[in-house]
Structure formats: structure tokens, C-alpha cells
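Asks: Input: one structure, supplied below.
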Amino acid sequence: MSTKLHDLSATNLLRLYRAKRASPVEATQACLSRIEALNEKLNAFCVVDADRALRAARESEGRWMRGTPAGSLDGVPVSIKDLLLTSGWPTLRGSRTVDADQTWNEDAPAVARLREHRAILLGKTTTPEFGWKAVTDSALTGITRNPWSPGKTPGGSSGGAAVAVATGMGALAVGTDGGGSIRIPAGFTGIFGLKPSFGRVPAWPSSLFGTVSHVGPMTRTVEDAALMLDVISRPDARDWFALPYDERDYRDGLNDGIDGLPIAFAPTLGGASVDPEVAEIVARAVTTFGELGAHVVEAAPDLGDVARIERMHWWTGAARVVGSIAPELRERVDPGLLRIAEKASAFTLSDYLGAVEARATLGATLSQFHARYPVLLTPTLPIPAFDAGRLAPPDYGDVDGDWTVWAPFSYPFNLTQQPAASVPCGFTRDGLPVGLQIVGPMHEDRLVLRAARAFETARPWHASYARIA
């Protein structure tokens, strides 16, 4: 059993612990073995602390043997994206400008909650510098690769987290999403990723990219994401933006189905071009929702010039990031990050305030759309994964730092702060995963999880992980 523990969901691991058919030590050793076997090739982790993880696993094993588990995730192996503070480990954020030789004695809220619920922290996963782009490579940690085809990117910026989950290097991972950084790598690597409503998961320190940045779970199953969200959404007084705590378990009602639910399917948004094979796979997946009793119609919200709104917010955030770096260190910064920060210097205060107003209008548009269609389905991405080490596929030309041109379906919902998830829905002829995005109204995280769970039950994807070596 222990040799296969890395394949199991957190929910199934907990069942085995409860029945004393497996232990947290065995599960942790299985995940560490996967890291040892695959990380050099795929580069999912930038920090691995096997000794610390095994100490925690032995303590957890003792609690389970006594029948006194101490938390909802006691003994479950988890990874942390290297943008979140983690006591005892450096948080370098993929940057050569951060000094590792300092005191690291604080946990970000999500990390603190995971510790309180006795999850086993394995290490920290790779990210591009400060999470600025939707692929995962940096001068500090190198290129992270897609486990389905190592010549391809896993996406980003939570690329390391996605690879860790897809390959069994931990049952759960914490990701962040400022423009698609959970959903894009989830789509490219064939896992489940949820960007919760803004403020659902407390965050601290606040992101320099502002109120488009979310923290959320990356898992193999929807039930695991609900379980993990129940833990990491618990209150933390440091986050002034946090939503009021919802005390209900996110697994409650998860299997209630979608019979009679009005659902809109947008094959594209804003006229964005979609690869024909991706479009076909997504459209075929959408038929499942009708078979489950939902009323599915083809409809799309009018997003207006959403790309301009996004650039105004994201590039301004990039300028804040670069501005926080000492001038003498800026030559170490990713040139693409420097380029979009420089572009932001042309924005006026009036430009920015106009974008804030346009963002409010966009939010109102989506709220009205969801009053008619509680759930919106779109492709997660218009393309399959492309070559690793690139910012964009070659047919997009020189994007000059603007990665959003090939990810038009994710960032609109960061601007509106709505919950959105990517679920695996198929594979291309080349064996690359394709994701389906499920979007719900603000605060309706439970609805997104319920719709995703209904699809997962009808179209289970878990057996596909056996194809990864």
C-alpha cells in the first residue's frame, strides 16, 4: 500500500489513517520518494525539508495510533508556493534580489492554518519572480517543466505547485492567483485548481499586485479542495480585506448536483481565438452538464476592453514590485518584469482611476449576468501547453512582457474577484491536458465546488495520473 500512497487524495489518506491501514510516515516517505525521483527533471520544489517533514509525520502517526488526530489535515503531505511566508524556510519569491540570510519566523495565514491542522509541510514550490507571469521559470530556480511532456511549460505562476500535485509530490498544494496563476497551471497539468472569492482565504502580507491576487487550493480532487478550503479560509486578523468567516464545512452540499441549474457556456470571451482541438474537447465536456440536468445555453458576458483594465492593474502592480527593490539590485530582475513596470510609468493617475471605475462596471456587468446564469463555463485556456522557457507560444510573436494575450479567460475574474476553478476535461492528441473553467458569482464558492464535483463524478479524471511516470 505504501508504495502507492503518493497516488491517493488527501481524503483517502485520512480514511486509511483512521482505519490504521496506512500511516502519515508512510505517506510522507512516498511523497518524498517521488520528489527524489522527479524533482531534478521537473523542478517543482525549490525547498525540500525531508527531516522536518518526517519528524512531523512521526508525531502525526502517534496521534493517529492513539486515536487523537489534532486537525482536519493531520498527516496529509502539503507543499507551499514560494510566495507565501513559511516559518523556518526562506521565502525568496523566485528572485535573486531577496536576501535569504534573514530571520524567517512568520507564517502566512494559509500556512499557519495548515500547521494548526497538522498538515505535513514538505517544502516550497517554484514560482517565476514575484509571480509576475503565467509560466514558471526564473534566473534563481530555473525552468519548471510539465510532467505530461517535460519539453512543455506547466504554466504559472503556481507551476511548481501544479506539478507537485500532478505527480504525487504531495496530496495538496497552496497556490496564488493574480491573473490565472492557479487555473492556468491546473489547466496545463490536468489537476483541479480553485481561485476562491477575493478575501475568502486570508492573505498577509498584502500582494504588491493589489486586490486581484487570491490564495487557493490546488488538488487532485474537488473534495480535497473543499476540505483544504475549509482549513485555509479560517480567519486571520492580519488581513484587512478578508471576508467574514463562513463556519459551514465546504464539503456540505458538495454532492447535491446541478439538476435544473441555469448555466451559460461561452466558447470564447471577447472574440479570443481558441485552438480547434481545445474548443472541441471543451464543448464535448460541456454536454455533460446538460446530461446532469442543468439548463445549458450558449451565452457570454460583454467584458468590454477588459485587457486594458487588466494591464492598468497588473502593470501598475509590477511597477510597485520593481519600486520595492533597491536600485542597485534591479539588474538582477527578470527583464520581462522590468519591461511591464516601465510601461506602467506612462500611466497617469487619471488613467488608473479610470481603470478602477471600469473595473467596477465590469463587476456590475458580471453580477447581472450571473443573476440570469449562476454558472459560467469557458475554456480555461485557448491553447495547450507550449514549449517551456518561453513567455508565449511562437505564433503569438513578441508579446513584450504581456503574457495575458494567450490567457484571456482567467484574468477577467481576478478583476471581478469571483470564484473560478479549472477542472481537467480531456487530452489533446499529443497527450496534453485541457481544462474547463467554472465561474460563479462573487461569494458563491460553494456553487463552483458543487458544479465541479458534479462534473468530476460524471467524468472522473483521476485514473489519468497513472500515465505520469
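The values are calculated or read from the model by the stated rules, or taken from the named source; none is laboratory data. In this text, all values refer to a predicted model and were calculated from it rather than measured experimentally. Note that we place each Cβ from the backbone using ideal geometry, even for glycine, and neighbour counts take in every protein chain shown.
Asks: Is there any pair with a first residue in segment 250-262 that is under 11 Å from R446 (Cα atoms) and a second that is of a type in the set (V, I, T) and in a strand (DSSP E or B) whose Cβ atoms are under 8 Å apart and which are 6 or more apart or on different chains, and what are they?
Replies: Close Cβ pairs (under 8 Å, with a partner that is of a type in the set (V, I, T) and in a strand (DSSP E or B)) do not exist here.
Results for (1) within 29 Å of G142 (Cβ to Cβ); (2) at pLDDT 95 or above; (3) in contact with a strand residue (DSSP E or B) (Cβ under 9 Å, 6 or more places away or on another chain); (4) assigned to a helix (DSSP H, G or I), shown as yes or no for each residue.
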{"residue": "V296", "(1), (2), (3), (4)": "no, yes, yes, no"}
{"residue": "G317", "(1), (2), (3), (4)": "yes, yes, no, yes"}
{"residue": "L329", "(1), (2), (3), (4)": "yes, yes, no, yes"}
{"residue": "A341", "(1), (2), (3), (4)": "yes, yes, no, yes"}
{"residue": "S350", "(1), (2), (3), (4)": "no, yes, no, yes"}
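Asks: For segment 1-18, what are the residues that are touching a residue at least 40 places away in the same chain (Cβ under 8 Å) and among the β-branched types (V, I, T)?
Replies: T11, the sole residue that qualifies.
Asks: Here's something else I'd like to know. It is to be established whether one or more residues within segment 106-123 are over 21 Å from the mean Cα position of the chain (by Cα), farther than 26 Å from A27 by Cβ, free of Cβ contacts under 8 Å to residues at least 40 places away in the same chain and not in a strand (DSSP E or B).
Replies: yes
Asks: Output the number of residues of segment 380-401 satisfying the condition of being in contact with a helix residue (DSSP H, G or I) (Cβ under 7 Å, 6 or more places away or on another chain) and among the acidic types (D, E).
Replies: 1
Asks: Does V448 fit the bill of being in contact (Cβ under 8 Å) with a residue 60 or more places away in the chain, crowded, with 21+ Cβ neighbours inside 10 Å and either touching a helix residue (DSSP H, G or I) at 6+ places or on another chain (Cβ under 7 Å) or closer than 21 Å to T144 by Cα (or both)?
Replies: When the stated conditions are applied, V448 does not pass them.
Asks: Right, here's the next one. What's the number of the condition I325 fails, among (1) surrounded by 12 or more Cβ atoms within 10 Å (Cβ to Cβ); (2) in a helix (DSSP H, G or I)?
Replies: All conditions pass for I325, except number (2).
Asks: Here's something else I'd like to know. Quick check: anything in segment 98-111 among the polar types (S, T, N, Q) and buried (at least 20 other Cβ atoms within 10 Å of the Cβ)?
Replies: No, segment 98-111 contains no residue that is among the polar types (S, T, N, Q) and buried (at least 20 other Cβ atoms within 10 Å of the Cβ).
Asks: Of all residues in segment 1-36, count the ones that are of a type in the set (A, V, I, L, M, F, W, C) and within 24 Å of the chain's Cα centre (by Cα).
Replies: Total meeting the criteria: 10.
Asks: Something else about it: Filter segment 190-200 for residues that are of a type outside the set (F, W, Y) and under 14 Å from A421 (Cβ atoms); which is surrounded by the fewest Cβ atoms within 10 Å (Cβ to Cβ)?
Replies: Per the stated criteria, the residue is S197.
Asks: Let me ask something additional. I'd like to verify a number: residues in segment 423-437 that are surrounded by 18 or more Cβ atoms within 10 Å (Cβ to Cβ) and out of contact with any Pro (no Cβ under 9 Å at 6 or more places or on another chain), how many?
Replies: Total meeting the criteria: 1.
Asks: Next question, about the same structure. Using beta carbons and a limit of 6 Å, which pairs, at least six apart or on different chains, have the first residue in segment 19-38 and farther than 9 Å from H6 by Cα and free of Cβ contacts under 8 Å to residues at least 60 places away in the same chain and the second one assigned to a helix (DSSP H, G or I) and among the acidic types (D, E)?
Replies: S23/E61; V25/E61
Asks: Give the residue that is nearest to W403 (Cα to Cα), with candidates limited to residues of segment 340-350 that are surrounded by 14 or more Cβ atoms within 10 Å (Cβ to Cβ) and touching a residue at least 24 places away in the same chain (Cβ under 8 Å).
Replies: Filtering first and then ranking leaves I340.
Asks: On to the next question. Output yes when any residue across segment 178-185 is within 17 Å of T219 (Cα to Cα) and of a type in the set (A, V, I, L, M), and no when none is.
Replies: Yes, some residue in segment 178-185 is within 17 Å of T219 (Cα to Cα) and of a type in the set (A, V, I, L, M).
Asks: Hey, any hits in segment 152-171 for a residue that's crowded, with 24+ Cβ neighbours inside 10 Å, out of contact with any helix residue (DSSP H, G or I) (no Cβ under 6 Å at 6 or more places or on another chain), in contact (Cβ under 8 Å) with a residue 60 or more places away in the chain and among the basic types (K, R)?
Replies: no
Asks: Oh, and also: With respect to the numbered conditions (1) in a loop (DSSP other than H, G, I, E, B); (2) free of Cβ contacts under 8 Å to residues at least 40 places away in the same chain, which one is the sole condition not fulfilled by G62?
Replies: Single failed check for G62: (1).
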